[in-house]
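The block underneath contains the structure these notes are about, expressed in structure tokens.
The values are calculated or read from the model by the stated rules, or taken from the named source; none is laboratory data. All of these numbers come straight from a predicted model, not from anything done at the bench. Positions of Cβ are generated from backbone atoms using ideal geometry, with glycine treated the same way; all protein chains shown enter the neighbour counts. Protein only, heavy atoms only, side chains kept; ligands, DNA and RNA dropped before computing areas. Shrake-Rupley method; radii C 1.70, N 1.55, O 1.52, S 1.80 Å.
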Amino acid sequence: MHVFQSRIMTYLSIALMLIVATMTVLMTVGSVSWNDPDDDDSFTMIEGEYSVNGGDWQPTSPNEMVHEDFDRLTIRGRLTNVPTGDNVLGITAENMWFTLKSGGRVIGTNFRADDSAFKNTPGYSISYINAEDVGDGQDIELELTYPYQLLSCKNLSDYFDVFVGSKATVYELLYRYKTPTILFCLLICFFGLFSFPIAGIVLGKINFRYLSFALLCFFAGLFILAQSVASYLPLWIHDPVRCMAAATMTAHLCMISALIYIKVCLKERHHKIVGNIIIVTSVLLTATALVLHYTGVSDLYAGKLFMLIFVAVCAIILTFCMISEVKSSREAFLTLTSMIPVLLCLLLDAFNEFFSFTTVPLFEIGMALTLINQIVILIIDLRKQYLETIRYQQMQKELYEAKVSLMVSQIQPHFLYNSLTSIAMMCTKDPKKARSATINFADYLRGNMNSLKQKAPVPFAQELEHLKKYLMLEEMRFGDMLHIEYDIQTTDFVIPQLSVQPLVENAVKHGVGMKEDGGTVTIATREEDDCYKVIITDDGVGFDTSKPIEDDGRSHVGMENVRQRLKELCDADVIIESELGKGTVATIRIPKQSS
């Protein structure tokens, strides 16, 4: 089942990676050539002259909005495309006030005549002006005010658009120019909501690196989507200030989730402390920005620059923390390589704000590359999990075969024959004892068969009871030549089933059994500070531990299986000490953390 799940997730991840790559190409090409707005008759501009911040009047450029820093901008002239009939002049404005005049009369504005806490916040708005108000061929004057002094407007086309058509035209423009980006954002959100959390589950444990990256994917998708369709948000959120707040909060959440993603992969204690302080501070700053926003002191967009500076500094600090851990932490290295495309594209975006060398959406491409990088890492992890699953199943098979071999070694034919012969001889001499021995023999065989179903270690008390049944049968066989003593001081631990009996069997058959006058086998347990011990001692013939063990009939195969099972299931060791003519001591040492 684990193998099947791993294969399915691997194939799914490869397919999704191809989808992401295709969508990235589509989005990139689409952003450049998908229905170029310059060739779209739906948009209109004012041809004439403009004045920046009350300065000299300059002629407008053909087919281009004003591309200068400004706080106040006035444009006067005539529309290149005038609405007629039932068409309207539509105006989308982001974070700026506008007033449109015709013949000295105000025909459109987004100023609000109220005394609310947000009276100085323009927000996002869509306004419609009837064709008869604009007039055919009339001179118009457009006044724009950008109220954020620290965030001067650099490109009017990024914040302001004018189009001609019906009120449904804005939906057509949304479909025409934003479809690739919307699909790309939905794909990123899909990864955040489903793919990476499911991958963490399939990998068999909660992987916080995948979960934190899923969080980053989801909020990055929302952020890119909100920035891309910001002009169209008033179609669904009719309050301009709420539109702006929703779009700005996606930026805050995206930045916080990026910090969380970097912090999760830090391993060193002092780096984690730094990461926790940074994340808590960023959350508190966001909460403070919300309080200032809703009390009317300063809206969310006004504090965007300070948040960007803070997050940039924090990202640099956390990146240096990661760099210092790269040599010792695989997760730090993977996180660093995953974040490089996003960080690099953000840096290029910052330069693009000043130099405007491309219209390609750099952050979106960086996020796509990071996503593809993470999918590749996910596929590698899934393959590793697949191989580990195969290895685990092989190990389970070997352990099962070892248990079968061990069980068979404990019920060898000569043992069965000897036990049954002894019971048969008792039937005439002591029927009651024969009956008891028969029940004991049946219980012993049942215990051996049940051991095949038992995978986990069992309480030592249960193993001891099974061992006593075996020794009762051996005492019946050897008579007065075999004496069994118990020195049980603790049973508060677990041990693999049938792991003590091979040691006791060696003590009985090849220790005491090889001695002419027999001897004593002692089973003892001890508890120490760091471990439990099971000690099997015999005063039999012993053997030379310095010489290689020969296949002399002892349960060497069973012993090797016992060693393997004890190590795999309890991290336990078997220590054998022996001296010729004096006997043997076999000790099982079980660490307490494994018991």
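Sort 250-256, 476-482, 367-373 by the packing proxy (mean of other Cβ within 10 Å over each peptide's residues), most packed first. It would help to have the intermediate numbers written out before the result.
Values: 250-256: 21.3, 476-482: 15.0, 367-373: 23.1.
Packing order, densest peptide first, comes out as 367-373, 250-256, 476-482.
Output ³J(HN,Hα) for region 260-272: one whole-Hz value per residue in order, computed from phi by the Karplus curve 6.51 cos²θ - 1.76 cosθ + 1.60 with θ = phi - 60°, and x for Gly and Pro.
Whole-Hz 3J(HN,Hα) from phi for region 260-272: 5, 4, 5, 5, 4, 8, 7, 10, 6, 4, 5, 5, 5.
Let me check something: with ligands and nucleic acids excluded, how do Asp139, Asp239, Asp86, Asp381 order by accessible area (1.4 Å probe), largest to smallest?
Values: Asp139 95, Asp239 60, Asp86 150, Asp381 20 Å².
Most to least solvent-accessible, the answer reads Asp86, Asp139, Asp239, Asp381.
Could you list which residues have their amide H under 5 Å from that of Thr44, counting only those 5 or more apart in sequence or on another chain, with H placed in the peptide plane?
HN-HN under 5 Å from Thr44: Val162, Phe163, Val164.
If you count, for each residue, the other Cβ atoms within 10 Å and average over each peptide, how do 584-590, 171-177 line up from highest to lowest? Kindly include the intermediate steps, with their values, before the conclusion.
Values: 584-590: 21.1, 171-177: 15.4.
By packing density, highest mean first, the sequence is 584-590, 171-177.
Roughly how many nanometres apart are two label points built 7 Å out from the Cα toward the Cβ at Ser61 and Asn120?
Reported label-point gap for Ser61 and Asn120 is 3.3 nm.
Explain nothing, just the number: relative contact order of region 171-315, from Cα pairs under 8 Å at least 6 residues apart, as a whole percent.
Values: 127 pairs, mean separation 29.6, N = 145.
Dividing the mean separation by the residue count of region 171-315 yields 20 percent.
Putting +1 on Lys and Arg Cβ atoms and -1 on Asp and Glu Cβ atoms, find which of Pro59, Ala93, Phe118 reaches farthest to the positive end of the dipole of region 36-127.
Phe118
Would you please give the residues with an amide H less than 5 Å from that of Arg72, counting only those at least 5 places away or on a separate chain, with H modeled from the backbone geometry?
It is Asn53, Tyr146, by chain and number.
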